[in-house]
Amino acid sequence: MIKAIEFENFKGQTGMQELTGRDIFIGRNGIGKTTRIQTLGASLLGYIPGRDCGKNAADTFKFATGKSMSVGCKTDNGFMFSRTFEKKEKREKDGSTKISITESVTVAPSRGEKTDTQRKSRIAEEVGNFPVALDFQEFLSLSDTKRREFIFSLSPIRSDNWTRERLLRYLEENLLTLQLKVNNFEHYQIMVKMITEAMRQFPENYQFADGLQSMVDWVSKQRSFWDAKKKDAQGAVRSLTDQKLELENTDRDIAEKKKELDDLHNQLVDVEKKISTTEEQKKAYDKRENRIKELQDLIKNMPLLSKDTQDLDDKIAVLQVQIINPGDLTEETKPVKEKLITNKEQRELLEDKIRAVKDSLANINSAINALETALKQTQDLAGQCIVNPQLIKCPKDFTGFGTWVEQKKRAAQAEIDNLMDQENSLKAEMTSLTREAEELEKQQQDIMKRFQADLETNRRTQDGIAKLNQEKNDRLNQFNTDKEKMAGYKAELERLKSEDPQPIFSAPVEILQKQAEGIRNSIYDLKKTVEEKEKAKQAILLIQQSMVDNRRAEYKSLCLKSIADELGPKGVQGMLVEEILEPLREDIRTNLRTGDFNYEPYFQTKSDTGQDIFQFGWINEKGHRVNFDALSTGQQVIYLAALMLTIIDRAQPKTRMLILDNVNHCDKQNFIMLLDGLSKLADRLDNIILAGALAFEFDAPAEWKVWNLNEEGTVANERIA
C-alpha cells in the first residue's frame, strides 16, 4: 500500500500527503486534487498517465514550476522512492543555448543499485508499474474506437487460440492473395517483405498480446514514414514535369549536336595551332632583328683597353726598392742574452751568500737566547737541584755562570755585527746586478721592436706590390676577354646577316584570330544547346525514377495500411477483444452486484446492419439495453469503477490501486452507493483514491478518510520521514 506521497514544484505546489488506503480528496477546482493523483502516477511510472501527456522527461517537466521538480512515494513496508526532473542549459560554441531535461531516481533502502535504470527496475519490482488511473471526464470525451483501444491497452489478454504462427498464417491468407499476385506482382512482393518485417517485431519469447502490440506500433511508425515518402515523390514528379515543359527540346538530336560540337572543337584546335605557329615565326624574326641591332651597338660602343702595363711596372719597381733588410735577430740579440745569463748566475750566487749570512745570524741569536734562559733558571733555583728542586738541595756555586754568559754574549754580538755588514754589502751588490739585468732586458726589447717594425714595413710594401701585380694581370685578362667578345660579336653579326631576312608567315594573325573567335562563339552556343538537351534528358530520367519511387512508396503505404487493418481493432485486436469480452462482462456483473447494482452489463461489437462498432452499457430493470453514453453521470462512474476493478483483478499488479478523478459528476445518492460498493470490494485493493469538487455533504464510512483541501490546503509541508 502507498502510505504517503510528496511533491515539490509540481504544478506550482509543494507538500506531502498521507494516504490511508481509502482516501477521498474534495475541494474547489485548482486546490490540488488532481495534482495528488498525478503525483502518484508520475512517481510510479516516470510520466503522467493521460491521453494528452507524453512519456518522456521533457513532457513530464511541462508540469514543473522552476528549474527542478520532484515527486515521490512511501509504502507501508518502509520502501521510499522519488524522481527528480531538472532543466539544464548549456552554452554551445556558436553562442546558442541547448536545453535538456534529465531525470534522476532515488530509492531507500538501497540494495546496491548504481544506475537510474537499476533503481527504476527496483521501483517496478516493489510496487509495479500498472497505470490504472482514470480521469472520468477524459474518458467521456473518447470515441467508441478510442474507448475500445483504452480497454484493450489495459486488459491483459491471454489467448489460447492465437499464436505467433497463427498470426503469420492469418496475414498471409488475408493479404497475399492469388489475385494480387497475378494482377500486380510488384505489389505482391512488397506485401511479402512488409509482412516479414512486421513479424520480426514479434520476438519468439513474447506473450501474444505484447508481440501483437509491438507489431502494431512498428506498422504505425512505418506507415507515417512511407505516407510522407509518397507525398514527397508525388511532389518531385510534378516539379520535374514542370521543369521538362520549360526546357526547349528533348534529347532527340543530342548525338548530332555533340558530333557538331566535336567538329568545332577540332577546327578551333587547328586554327589555334596556326596562330601559334605564325606567332612563333614572327617572334623568331623580331628576335633576329633585335639581336642584329644589339650586336651593332655592342661593337660600336665597346672600349678596347690597352695592353701596355709600363705604368704598373714602374710603380712595382719603386716599391721593391723600399724593402728593408731587417738583419739576423738571433745574432743581434746574442750578446745581450749572454750578458743576461751571466747576470742571472751572479744574482743566484749572491742570493745563496745572503741566505748563509741570515742562517748564521739566526744560529747566533738562538745560542744567545739559550744562554739567557739557562742563566735565569739557575738564578731562580737558588741552590736547588735541577732534577727535583723541591726535595733535593744542590751545594754547587753558580755565581760565576752569569759572568761567563755575558762574555759569550759580547763575543756573539761582535760576530753578529760582522755578519750584518756582510749582508748589507751583498744586498748592495744584488741591487747593482738587478739594475744591470733591467738595462739588458730593455736593450733586448728595443732590438725586437725595431725588427718587428721593419717586418711590418716590408709587409705593407709587399701588399702594395701584390695589388699592382693583380691589377696588371686583370688588365691583361680584360684585354684578352674584350678581344674575344669583339670577335664573337662580329662572328654572330656576320652569321645573322647571312641568313634570309624575310619572315615566312602561314597566314595573317589577325585573320586567324577572328576565325578562332567565331568558332569559340559557335562552340559556346552549341554547348549551351547540348546542356539544355542533357537537362531535358536527365529530367526525363529523374521523372521516371521518381515515378518508380512513388509507386514503391505508394505500394508500401498501401501494404502497411492493409497490415494495420488486419492487426488492429477491426482485425486481430478486435477478435481478441471479442474473446475477452464475455469474461470481462461476467466480472463486471459480479462487481456491480457486490455494490448492490443489479444490472446486467453488455458489450456490442456489431451493429444491426453488420458494421463494426464498439458499444457497451447495461440492461435496466425493464430489460432495455442502455448505452454507456445514455447512463446518468453517476451511473457512468459506477460502471467504470466496476470495469476498472475487473481490469485490476485480471492484471494482478504488485500494488493494486483504483483511482477515479472528477467523481463530482455523481449525485449524492449514487456517490454514497459508489462508496458502499467500493467498501465491499476494498479487500481486493491496496489503495482506493476518489477525487472531485463535490457540491454536497456526505457521511463517509468509517474506513474512509476525507481530505478537505479547502481547509487543509497543501495538507503538510514536511518531507516523507
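The values are calculated or read from the model by the stated rules, or taken from the named source; none is laboratory data. All figures in this text were calculated on a predicted structure; none of them were measured in a lab. Reconstructed Cβ throughout: ideal geometry from the backbone, glycine too, with neighbour counts over all protein chains shown.
From T65, T39, T60, T75, which residue is among the hydroxyl-bearing types (S, T, Y) and surrounded by fewer than 16 Cβ atoms within 10 Å (Cβ to Cβ)?
Values: T39 fails: surrounded by fewer than 16 Cβ atoms within 10 Å (Cβ to Cβ); T60 fails: surrounded by fewer than 16 Cβ atoms within 10 Å (Cβ to Cβ); T75 fails: surrounded by fewer than 16 Cβ atoms within 10 Å (Cβ to Cβ).
Exactly one residue qualifies, and that residue is T65.
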Can you name every one of the strands (runs of 3 or more DSSP E) wholly within segment 22-119 that holds 2 or more residues which are of a type in the set (F, W, Y) and either under 20 Å from L660 (Cα atoms) or in contact with a Ser or Thr (Cβ under 8 Å, 6 or more places away or on another chain) (or both)?
80-91
Those residues that are aliphatic (A, V, I, L, M) and touching a Gly at 6+ places or on another chain (Cβ under 7 Å), I need them from segment 195-218; list them, please.
V216
Selection over segment 160-181 where residues are in a helix (DSSP H, G or I) and either in contact with a Phe, Trp or Tyr (Cβ under 6 Å, 6 or more places away or on another chain) or at pLDDT below 90 (or both) yields a count of 3
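Residue under question is E441, and the condition is that it be surrounded by 14 or more Cβ atoms within 10 Å (Cβ to Cβ) and either touching a residue at least 24 places away in the same chain (Cβ under 8 Å) or not acidic (D, E) (or both); does it hold? Reasoning before the result, please.
Values: surrounded by 14 or more Cβ atoms within 10 Å (Cβ to Cβ): no; either touching a residue at least 24 places away in the same chain (Cβ under 8 Å) or not acidic (D, E) (or both): yes.
So E441 does not fit the description; no.
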Positions within segment 11-47 being under 25 Å from C666 (Cα atoms) and among the β-branched types (V, I, T), in sequence order:
T20, I24, I26, I31, T34, T35, I37, T39
Given the condition crowded, with 23+ Cβ neighbours inside 10 Å and within 42 Å of the chain's Cα centre (by Cα), answer yes or no: does some residue in segment 19-32 qualify?
no
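Based on this model, can you work out whether S214 counts as in a helix (DSSP H, G or I) and either surrounded by fewer than 15 Cβ atoms within 10 Å (Cβ to Cβ) or aliphatic (A, V, I, L, M) (or both)? Break it down stepwise before answering.
Details: in a helix (DSSP H, G or I): yes; either surrounded by fewer than 15 Cβ atoms within 10 Å (Cβ to Cβ) or aliphatic (A, V, I, L, M) (or both): no.
For S214, the condition - in a helix (DSSP H, G or I) and either surrounded by fewer than 15 Cβ atoms within 10 Å (Cβ to Cβ) or aliphatic (A, V, I, L, M) (or both) - is not met.
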For T594, which of the numbered conditions (1) within 30 Å of E172 (Cβ to Cβ); (2) among the β-branched types (V, I, T); (3) modelled with pLDDT under 85 fails to hold?
(1)
With more than 15 Å from R593 (Cβ to Cβ), surrounded by fewer than 20 Cβ atoms within 10 Å (Cβ to Cβ) and not assigned by TED's automatic domain parsing to the domain that holds G27 as the only criterion, which of A682, A630, A695 stands out?
A630
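Among the residues of segment 600-618, which ones are more than 19 Å from R147 (Cβ to Cβ) and either touching a strand residue (DSSP E or B) at 6+ places or on another chain (Cβ under 8 Å) or surrounded by 15 or more Cβ atoms within 10 Å (Cβ to Cβ) (or both)? Explain how you work it out, then say what you get.
In the first step, residues of segment 600-618 are kept if they are more than 19 Å from R147 (Cβ to Cβ); the result is 600, 608-610.
Correct list: E600 only.
Report, by residue number, each residue of segment 22-31 that is closer than 13 Å to A693 by Cα and in contact with a Lys or Arg (Cβ under 8 Å, 6 or more places away or on another chain). Let's see the steps before the verdict.
Going residue by residue through segment 22-31, those that are closer than 13 Å to A693 by Cα are 24-31.
I24, F25, I26, G27 - these are the residues of segment 22-31 that are closer than 13 Å to A693 by Cα and in contact with a Lys or Arg (Cβ under 8 Å, 6 or more places away or on another chain).
Yes/no per residue for (1) hydroxyl-bearing (S, T, Y); (2) assigned to a helix (DSSP H, G or I); (3) farther than 22 Å from E456 by Cβ; (4) within 60 Å of the chain's Cα centre (by Cα):
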position	(1), (2), (3), (4)
E289	no, yes, yes, no
Q296	no, yes, yes, no
N325	no, no, no, no
T333	yes, yes, no, no
K337	no, yes, yes, no
R347	no, yes, yes, no
K353	no, yes, yes, no
V357	no, yes, yes, no
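Limited to segment 618-643, what total is found for residues that are small (G, A, S), under 60 Å from the mean Cα position of the chain (by Cα) and more than 18 Å from D587 (Cβ to Cβ)? Quick ask: steps written out before the conclusion?
Residues of segment 618-643 small (G, A, S): 623, 630, 632, 634, 641-642.
Now narrow it down to the ones that are under 60 Å from the mean Cα position of the chain (by Cα): 641-642.
Within this subset, residues satisfying the condition of being more than 18 Å from D587 (Cβ to Cβ) are none.
So the answer is 0.
Counting only residues that are in contact with a Pro (Cβ under 9 Å, 6 or more places away or on another chain) and touching a residue at least 60 places away in the same chain (Cβ under 8 Å), how many does segment 617-645 have? Steps first, answer last, please.
So the first thing to find is which residues in segment 617-645 are in contact with a Pro (Cβ under 9 Å, 6 or more places away or on another chain), and the list is 617-619, 639, 642-643.
Checking the rest, the ones that are also touching a residue at least 60 places away in the same chain (Cβ under 8 Å) come to 643.
The number of residues fulfilling the criteria is 1.
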Among the listed residues G15, G46, G27, which satisfies the condition of being within 28 Å of D676 (Cα to Cα) and in contact (Cβ under 8 Å) with a residue 60 or more places away in the chain?
G27
